[in-house]
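What follows is a short report on a single structure.
Only the coordinates and a few stated rules stand behind these numbers; no lab work does. Since the structure is predicted, the reported quantities are computational estimates derived from the model, not experimental observations. Every residue, glycine among them, receives a Cβ derived from its backbone with ideal geometry; neighbour counts consider all protein chains shown.
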Amino acid sequence: MLAAALAAVGGWGCSERKPSPSTGAQAPTGAAPASGATAAAPAPMSADPNALTFADGSPEKKVQDFCVDNYQKLDKCFGDDAFWQILATLFFAQNPQMDDGTPHTRQMWIGMRKDDFAGLIRQHRVRADCQASIRHQRWPKPETMERVVKARADSCPAFANAFGGMLFVEGAFNQPR
């Protein structure tokens, strides 16, 4: 969700682009149930990403809604420094070869992710970014979606932990299907 969820769309999503190893994961978000509800398990993905319809009630529509809801929470957390620091920590823990240990590198990564996200919002591309991520990237597991939905109702740091774990540790919305 976050740039590949921060790195996948050059760092945030997919928008029909492959993740860039130099920018991290993509920021996709997927279908989330209503607040307090648990995520329904998405059905297995079609072998053909072009066969996905995103019709109401379809598994891919549920994941897309989850993705969009995550972007909305990300927007609320945009100015929260702890949120971005947690995401950067999770990203660099999974990609140590990209970390030179300097604060400058971390700040550059955060700046690129923020720019990616701001561009998606400004260009009204969130829904399309989520759809592209769902077509081409790994989907989150149902239990991961439940964890992210729960954290989304909590603080920005709690959301960053769940969301970043989904993106960078599990590889959902970040690694190819």
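Some observations on this one:
- Taking other Cβ atoms within 10 Å as a rough exposure proxy, Leu87, Leu120, Leu52 sort from fewest to most as Leu52, Leu120, Leu87.
- Highest average packing first - 104-113, 129-138, Cβ atoms within 10 Å: 129-138, 104-113
- Amide hydrogen neighbours beyond the local backbone of Gln137, cut-off 5 Å, H modeled: Arg177
- Potential lengthening between Ala158 and Thr105 on full extension [0.36 nm per residue; Cα-Cα distance subtracted]: 16.7 nm
- Other residues lying with their Cβ under 12 Å from the Cβ of Thr89 contribute a combined charge of 0, Lys and Arg counting +1, Asp and Glu -1.
- Residues of the stretch 141-164 with amide N under 19 Å of a point placed 7 Å along Cα→Cβ from Met98: 160-164
- Taking the number of Cβ atoms within 10 Å of each Cβ as an exposure proxy, the fewest-first ranking of Glu60, Glu143, Glu170 is Glu143, Glu170, Glu60.
- Cross-link partners of Lys114 among aspartates and glutamates (Cα-Cα below 18 Å; sequence separation of 8 or more within a chain): Asp69, Asp75, Asp80, Asp81, Asp129
- Here r is the Cβ-Cβ distance between Ala82 and Ala51 and R0 is 45 Å; the resulting FRET efficiency, rounded to 0.05, is 0.65.
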